[in-house]
Amino acid sequence: MRLSHPRSRSRTRRRRVAGARLLICGAVLALVAACGSGGAAESSGDRIRVAPVSPSALWAHVWLAEELGYYKEENLDVEIVSNLSGGAVENALMLGDLDFGGVNQSRLIPFRADKGEDVIKIFAPESKFVFRVMVAADSPVQTARDLVGKTIGINEAGGDEDNLAVMLNSEGIKRDQYKTLAVGGRATAGVALQSDRVDAYMGSYVDQDAIVRSGVQVREIEIGDTKEFYNSGIAASTETLETRRDLAVRYGRAIAKAMIWEHENPEATIDILAEAVPEQVQDRAGTLALLKASNAINRPLFDARLRTDPAVWQTMITGLTEAGVIDQALSPDSIVTNDLLDDIWNFDVAAVTAAARGNDRS
């Protein structure tokens, strides 16, 4: 496993580099043959560059697949890039600097609308919608309609603000009927709620956990059917999915096997991750609690073998359109495809499940 900084290069440059590598490899193989090696050189597998949605234990499967040998089983030599900022993954996939990467729907759908063509597509969804609106436990705010005229804290502008717009729009609340204030995430959001800087806070369940751990009790405001929405998934360029479909299936299969460990043995998952990427598990108990919370939220998607409902995607796209985030109608099949999932899950699921439950890492 190698962690690196992203390389900036165009498709043309990449092809030239690839051609140069082929010439070099051919020369090396010829030299080996001339020296009487007695056999062909062993292949290290197809080299690919991938990135998780973010460098977090919640996407442990990206590293876990390496540590458990699932990449090797699929003849993949994987380089994990873990320092790309939000939005950079989409561009890296489009330019060919990444082969596969985790993307959020709140960034992918506007990205797709802005480009005006099918350039990137999710082929293995990873998580359900993680966001919720929270208020202090003693807040007078009881329903979504009570948020009209209020100030709602968010982690950052952009994706979070767009997600909030979609959520409140589902309740008939438009952007000009509330204010937002970027207050950061985690404990800072709790301080903002306590000091009445904001009336509510929109964040993920990770933020909610951190707020509660900081000593601030909060409760969630029920908002429409947004818990049925989807959040992140593994994406590739449409060119990759068309011309290198087998490669995408093999990468997706390795990830699917690792996801089984996440759901069936979260304790072992955290221990393996701590060995491989210790910076992701500085607080074992807290990290394990978050992974278990993630498993609970995402279990329906996992049980569905990552298959998503186009009608739900359409509701999300419509919400972004009505909220003014995007200005054109998009079809779900320009955002996501279920077409690879049968092949991705074409392995002995029961055997991998038994290995995970028995903590058999052999």
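The values are calculated or read from the model by the stated rules, or taken from the named source; none is laboratory data. Just so we're clear, the structure is a prediction, and the values are computed from it rather than from any experiment. FYI the Cβ positions are ideal-geometry reconstructions off the backbone, even for glycines, and counts take in every protein chain you see.
List pairs: first residue in segment 233-259 and without any contact (Cβ under 8 Å) to a residue 40 or more places away in the chain, second residue surrounded by fewer than 19 Cβ atoms within 10 Å (Cβ to Cβ) and small (Gly, Ala, Ser) anywhere in the structure, Cβ distance under 6 angstrom, at least six positions apart or on different chains.
Listed pairs, sorted by first residue: none to list.
Spot the failing condition for Arg107; the list is (1) of a type outside the set (A, V, I, L, M); (2) under 24 Å from Glu264 (Cβ atoms); (3) in contact with a helix residue (DSSP H, G or I) (Cβ under 9 Å, 6 or more places away or on another chain), and only one is missed.
(2)
Across segment 289-311, what is the total count of residues that are at negative phi, under 18 Å from the mean Cα position of the chain (by Cα) and either among the basic types (Lys, Arg) or in a helix (DSSP H, G or I) (or both)?
Residues flagged as at negative phi, under 18 Å from the mean Cα position of the chain (by Cα) and either among the basic types (Lys, Arg) or in a helix (DSSP H, G or I) (or both) within segment 289-311 amount to 15.
Can you tell me how many residues within segment 105-145 are touching a strand residue (DSSP E or B) at 6+ places or on another chain (Cβ under 6 Å), among the β-branched types (Val, Ile, Thr) and more than 24 Å from Ala248 (Cβ to Cβ)?
Within segment 105-145, residues that are touching a strand residue (DSSP E or B) at 6+ places or on another chain (Cβ under 6 Å), among the β-branched types (Val, Ile, Thr) and more than 24 Å from Ala248 (Cβ to Cβ) number 4.
Can you spot a residue in segment 69-91 that is touching a Leu at 6+ places or on another chain (Cβ under 6 Å) and part of a helix (DSSP H, G or I)? Give the derivation first.
Of the residues in segment 69-91, the ones touching a Leu at 6+ places or on another chain (Cβ under 6 Å) are 80, 82.
Those still in the list that are part of a helix (DSSP H, G or I) too: none.
The answer is no; no qualifying residue exists.
Given the condition in contact (Cβ under 8 Å) with a residue 12 or more places away in the chain and not in a loop (DSSP other than H, G, I, E, B), answer yes or no: does some residue in segment 321-328 qualify? I'd like the intermediate steps shown before the answer.
Narrowing segment 321-328 to residues in contact (Cβ under 8 Å) with a residue 12 or more places away in the chain: 322-328.
If we keep only those that are not in a loop (DSSP other than H, G, I, E, B) as well, we get 322.
Yes, there is a match, as at least one residue in segment 321-328 is in contact (Cβ under 8 Å) with a residue 12 or more places away in the chain and not in a loop (DSSP other than H, G, I, E, B).
Among residues belonging to segment 140-172 that are in contact with a helix residue (DSSP H, G or I) (Cβ under 9 Å, 6 or more places away or on another chain) and β-branched (Val, Ile, Thr), point out the one that is surrounded by the most Cβ atoms within 10 Å (Cβ to Cβ).
Per the criteria, the residue is Val166.
Look at segment 280-306 and say how many of its residues are in contact with a Pro (Cβ under 8 Å, 6 or more places away or on another chain) and either touching a residue at least 40 places away in the same chain (Cβ under 8 Å) or under 16 Å from Val62 (Cα atoms) (or both). Steps first, answer last, please.
Applying the first criterion (in contact with a Pro (Cβ under 8 Å, 6 or more places away or on another chain)) to segment 280-306 yields 280, 288, 291-292, 295, 301, 306.
Add one more test, that the residue is either touching a residue at least 40 places away in the same chain (Cβ under 8 Å) or under 16 Å from Val62 (Cα atoms) (or both), and what stays is 280, 291, 295, 301, 306.
Of the residues in segment 280-306, 5 are in contact with a Pro (Cβ under 8 Å, 6 or more places away or on another chain) and either touching a residue at least 40 places away in the same chain (Cβ under 8 Å) or under 16 Å from Val62 (Cα atoms) (or both).
Inside segment 117-141, can you point out the residues that are over 30 Å from Val191 (Cβ atoms) and either touching a residue at least 40 places away in the same chain (Cβ under 8 Å) or outside the structural domain of Val53 (by TED's automatic domain parsing) (or both)? Quick ask: steps written out before the conclusion?
To start, the set of residues in segment 117-141 that are over 30 Å from Val191 (Cβ atoms) comprises 117-126.
The answer is Asp118, Val119, Ile120, Lys121, Ile122, Phe123, Ala124, Pro125, Glu126.
Which one of the conditions (1) under 26 Å from Arg299 (Cα atoms); (2) touching a residue at least 40 places away in the same chain (Cβ under 8 Å) does Arg186 fail to meet, given that it meets all the rest?
All conditions pass for Arg186, except number (2).
Could you please find all residues in segment 142-156 being hydrophobic (A, V, I, L, M, F, W, C) and over 21 Å from Gly184 (Cβ atoms)?
Let us first name the residues in segment 142-156 that are hydrophobic (A, V, I, L, M, F, W, C), namely 144, 147-148, 152, 154.
Matches in segment 142-156: Ala144, Val148.
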